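The structure under discussion appears below in the form of structure tokens.
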Amino acid sequence: MNFALTAPDDALRARLQQRIDRKTKPVGALGRLEALALQIGLVQQTETPALHQPHILVFAGDHGAARAGVSAYPQDVTWQMVENFLAGGAAINVFCRQMELGLTVVDAGVNHDFGKRPGLIDAKIAPGTANYLEAPAMSAAERDAALARGRELAHALAANGCNAVGFGEMGIGNTASASLITHCLVGEAKGADLATITGRGTGLDDAGLARKRALLEQALTRGGRPTDPLAVLAEYGGFEIAMMAGAMLGAAEKGMLLLIDGFIVSSALLAAHAIAPQILPYCVFAHRSREPGHSVQLAALGVEPLMELDLRLGEGTGAALAWPLVQAAVNFLNEMASFESAGVSDKA
């Protein structure tokens, strides 16, 4: 599948930087907000960027390996949490209401029939992936369908006027899948050995963590360590991860700003980045998760997140919490006076 995205044109950089530097403040005094304002201006290709109809997409899917014990929670929690999202009772609902963000849940492959529901998109590829301990998680056709559906969802948001989209996920067992994806796409030479990047997920104790790591080693013995992102998604991915990667690529195709959440969302981005490296300038990294593999992912991509709040919830909560910082970057660029307009003396 070919994604037609290009990196933002850099020709505007000098003018944007000059505009930022001439605000009534010492050069660089707004720190990371200045780099963020510059990034958003380049993404939108304007000196006066604007944020329209921001939205969070939460992709949900089940994992066949969850039944083998890679998570502390039973697989039924996936569909039960989707119900919680639809009822408005999860953390992501609370934060989206507070930040006035749109929220849509995408059933990419949950082992449950929700029927037609407000706020839910039925994009189910299958009722959960296969158990990657025994066989590839999905076929090439299923993977390609997930990528294509994600792209369609992002394009639809853009057509409705959205130019900033955050990504979240729900799927019991998906930290294990994210660990395998990260291990394959980053590699041990860059710190992605399985022992380092495999964390406790939803709260495994020491024995559970040891079992999880042993099961993931078993998966690698069966499926190997592919480095092609499409092969990695098919071997070890979840439908929610593959569909999210497609949505990220589709959003970048449309020039949207992407808010990247934690460990699982970043595993989808690793795959998207390996498919099309031009995606990176469109991405704002919201926070550094407590999942140990997330720092490895961020280092491999050469990026720094906006926040470090010890989050490890998922759902897109970090992306939602970072939204006021994105707004602040745009607002100071557009509304803050310059030395010239305010009649303030510059330094000697």
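Bear in mind that the values in this text are calculations on the coordinates, not laboratory data. On a predicted model such as this, the values are computed, not experimentally measured, just so you know. Cβ placement follows ideal geometry from the backbone for every residue including glycine, while neighbour counts extend to all protein chains displayed.
Before moving on, here are some points about what is shown:
- Per-residue ellipticity at 222 nm, computed for the chain from helices alone with -39500 (n - 2.57) per DSSP H run of at least four residues, works out to -15000 deg cm²/dmol.
- Those lysines that a straight Cα-Cα span of less than 25 Å connects to LYS212, excepting residues fewer than 8 apart in one chain: LYS190
- Placing +1 on the Cβ of every Lys and Arg and -1 on the Cβ of every Asp and Glu, with nothing else charged, gives the chain a dipole about its Cα centre of roughly 340 debye.
- Counted charge near ALA329, where neighbours are those whose Cβ lies closer than 13 Å (Asp, Glu -1; Lys, Arg +1): +1
- Summing +1 for each Lys or Arg and -1 for each Asp or Glu among the other residues whose beta-carbon sits under 14 angstrom from that of ASP9 gives 0.
- Simple rule: put +1 on each Lys or Arg Cβ and -1 on each Asp or Glu Cβ in segment 8-125, find the dipole, and look at GLY89, ALA72, GLY102; the Cα lying farthest toward the positive end is GLY102.
- Projected label distance in nm at ASP21 and THR202, using a 7 Å step from Cα toward the beta-carbon: 5.2
- Rounded to the nearest 5, the antiparallel percentage of DSSP beta bridges internal to segment 55-329 is 0%.
- Take the Cα of GLU340, step 7 Å toward its Cβ, do the same at MET1, and the gap between the two points is 4.7 nm.
- 21 Å Cα-Cα reach of LYS25 towards lysines, excluding residues that sit fewer than 8 places from it in its own chain: LYS347
- Among ALA159, CYS184, ALA148 - extreme Cα towards positive end, dipole of segment 147-207, charges at beta-carbon: ALA159
- For LYS116, the aspartates and glutamates whose Cα falls under 16 Å of its own Cα, not counting residues fewer than eight places away in the same chain, are GLU83, ASP107.
- The angle between the Cα long axis of helix 263-275 and the main principal axis of the chain comes to about 80°, on a 0 to 90 degree scale.
- For segment 55-329: rounded, prolate or oblate by the Cα gyration tensor [a/c cutoff 1.5]: rounded
- Summarising the label geometry, the points placed 7 Å from Cα in the beta-carbon direction at ARG97 and ALA210 lie 4.4 nm from one another.
- For PHE59, residues with placed amide H under 5 Å, excluding near neighbours: VAL106, GLY168, GLU169, MET170
- Residue-by-residue Karplus 3J(HN,Hα) for segment 34-45, coefficients 6.51, -1.76, 1.60, Hz, glycine and proline x: 5, 5, 5, 4, 4, 4, 5, x, 5, 4, 8, 6
- Theoretical FRET efficiency, 1/(1+(r/R0)^6), r = Cβ-Cβ of ALA29 and GLU134, R0 45 Å, to 0.05: 0.20
- Here the dipole of segment 162-227 is about 120 debye; that uses its Cα centre as origin and unit charges on the Cβ of Lys and Arg (positive) and Asp and Glu (negative).
- Note on segment 87-158: Kirkwood hydrodynamic radius from all Cα pairs is 14.1 Å, rounded to one decimal.
- Likely footprinting exposure, ILE260, ILE121, fewest C-beta neighbours within 10 Å first: ILE121, ILE260
- Cα centroid separation - segment 146-194 against segment 32-66, whole Å: 14
- In this structure, THR227 and ASP10 have a Cβ-Cβ separation that, at R0 = 30 Å, corresponds to a calculated FRET efficiency of about 0.55.
- Along the axis of the charge dipole computed for the chain (Cβ charges of +1 for Lys and Arg, -1 for Asp and Glu, origin at the Cα centre), the listed residues GLN17, GLY61, PRO127 are led at the positive end by GLN17.
- Karplus (6.51, -1.76, 1.60) ³J(HN,Hα), θ = phi - 60°, over segment 172-187, in Hz, Gly and Pro reported as x: 4, x, 7, 5, 5, 4, 5, 5, 5, 4, 5, 4, 6, 8, 8, x
- Using Cβ point charges alone (K and R +1, D and E -1), the dipole size of segment 58-175 about the Cα centre works out to roughly 160 debye.
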